[in-house]
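Read through the structure below, which is laid out as structure tokens, and then see the notes.
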Amino acid sequence: MLHVLFLPSWYPTSLNPVNGIFFAEQAKALYNEGVQIGVIAPIQRSIRTIRKGEIFNYRYQVDFKEEDGIPTFRSLGWGIPKMHKLNLKLLKWQALKLIESYIKKYGRPNIIHVQSALWGGLAALYIYKCLNIPYIITEHSAIYARGLIKSWHQRYLKDIFQNAKMLIAVSSSLARLIEPYTSRKSIEVIPNVVNTMFFTLPLNPRAKKPFIFLTVALLTPKKGIDILIRAFASVFKNNSNVELWIGGDGPLRSQLEYLAKMLDVASQIRFLGLLDREKVKLAMWKANAFVLPSYFETFGVVLIEAMSTGLPIISTKCGGPEDFITPKVGYLVSPGDIEGLANTMLTLYDNYSSFNSVEISEFVKDKFSYKSVASQLINIYKKVLLESTMNNLENKKSHE
């Protein structure tokens, strides 16, 4: 049986249960396809954010749970600001401690699948040097698009990418952004996954009045929610038949609520606050269209979740969405373009009946379901393991 161990750079915890939830979804997809799958997650939290009474919970202990049938080992530690080398040494030690615990209970995995190079990739490289377990990387991070790669990062990235047996990006735009940091000739593109058994078509037909535009995001500058509010106000102000629902929370919430009042559309805009997955689905069932106004997204998982429920989409050309937004499922607009977004929202509103929610949902099942994405990953694992076996045989022959 194929035995894969996930090593994510971030992962859900009790404090942040949605952080890296799409990594957990991908693990479930593989589990459902019969892959023996486990997770080790070395987690570091800045010591500045840990209260005195909490320090006992961050002593690098190994925490084990079975989550949806998947054995999951976490090591909870702390990082010291600006002491990068020390933190990375601790991270490698955490990872080695975790995999030793994992192997003792579940045996040696065939391959390690890293989710984002910084810093799970460094941990996997260390394990590879110590235990000779090959690893591949799927890159998700927006740091390449945001220009946040520092010079000292590049030194690590070169080794991490060079020693990986395969490099995958979740979108073609992200693959292009990674290229300058690696000498690899090819980067595979395999998308993120959506649980189509959870994000289903609504149980009852959607109402058309009021017509609801929905967005779900962290309320931070890069998400462009202010642009969405301004666009909405410019074409739907005083139209009581149209509403904008904003799910999520963040540092800009009070400013965005004030903006809605200033533009005289507060009565048409609902701030839903932080939503768990069940509430996200319920909001999607009530909505008529979904809007993502971000400045950059490496993929845009929330879009395929919305599409899985049959919603037509408006998204900015922010990286990932360009791979899968077609005229059959929605529209693309430029980031930061208030007028362009406003006109597109009006176009969707006027042409809502031209979108087929069943076809949109089926499109997602075909491209992003557990089965679809898992089958692509399984093929990658088999290819990498075959190549590793052949290389090992050649090395043995050369030493005879």
| request: Kindly provide the set of residues from the stretch 7-42 that are polar (S, T, N, Q) and closer than 18 Å to Ser372 by Cα, ordered by number. | output: Gln26, Asn32, Gln36
| Considering Tyr102, Tyr135, Tyr144, which residue is aromatic (Phe, Trp, Tyr), within 30 Å of Lys367 (Cα to Cα) and modelled with pLDDT of 95 or more? | Tyr135
| remark: Looking across the stretch 1-47 at residues that are among the charged types (D, E, K, R) and touching a strand residue (DSSP E or B) at 6+ places or on another chain (Cβ under 9 Å), the single one that is surrounded by the fewest Cβ atoms within 10 Å (Cβ to Cβ) is Arg45
| remark: Pairs returned, first residue in the stretch 307-336 that is on the phi > 0 side of the Ramachandran plot, second residue that is part of a strand (DSSP E or B) and among the acidic types (Asp, Glu), beta-carbon separation under 6 angstrom, 6 or more apart or interchain, are Gly319/Glu297
| query | Do we find a residue being at pLDDT 95 or above, buried (at least 24 other Cβ atoms within 10 Å of the Cβ), assigned by TED's automatic domain parsing to the domain that holds Pro335 and closer than 19 Å to Phe355 by Cβ anywhere in the stretch 233-242? | reply | no
| request: Mind listing just one residue for me: the one in the stretch 367-400 that is closer than 12 Å to Lys165 by Cβ and β-branched (Val, Ile, Thr) and, of those, modelled with the lowest pLDDT? | output: Thr389
| field | Residue satisfying condition, being loosely packed, with under 15 Cβ neighbours inside 10 Å and either of a type in the set (D, E, K, R) or outside any helix (DSSP H, G or I) (or both), within set Leu86, Leu148 | value | Leu148
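Results for (1) part of a helix (DSSP H, G or I); (2) assigned by TED's automatic domain parsing to the domain that holds Glu66; (3) under 23 Å from Ile178 (Cα atoms), shown as yes or no for each residue.
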site: Ala95; (1), (2), (3): yes, yes, no
site: Tyr102; (1), (2), (3): yes, yes, no
site: Ile112; (1), (2), (3): no, yes, yes
site: Ile133; (1), (2), (3): no, yes, no
| task | Give me a count of the residues in the stretch 125-145 that are surrounded by 13 or more Cβ atoms within 10 Å (Cβ to Cβ) and among the charged types (D, E, K, R). | result | 1
| message | Which numbered condition in (1) in contact with a Ser or Thr (Cβ under 9 Å, 6 or more places away or on another chain); (2) in the same structural domain as Glu139 (by TED's automatic domain parsing) is the only one that Thr389 fails? | response | (1)
| message | For the stretch 206-253, which positions are among the polar types (S, T, N, Q) and closer than 13 Å to Leu272 by Cα? | response | Thr215
| request: Give the residue that is nearest to Asp337 (Cα to Cα), with candidates limited to residues of the stretch 308-326 that are outside any strand (DSSP E or B) and in contact with a Phe, Trp or Tyr (Cβ under 7 Å, 6 or more places away or on another chain). | output: Cys318
| Got at least one residue in the stretch 91-112 being within 20 Å of the chain's Cα centre (by Cα) and under 26 Å from Lys65 (Cβ atoms)? | yes
| Just to be sure, is Ala175 touching a residue at least 40 places away in the same chain (Cβ under 8 Å) and in a helix (DSSP H, G or I)? | no
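The values are calculated or read from the model by the stated rules, or taken from the named source; none is laboratory data. None of these values were measured; they are calculated from a predicted model. Neighbour counts run over all protein chains shown; Cβ positions are idealised from the backbone, glycine included.
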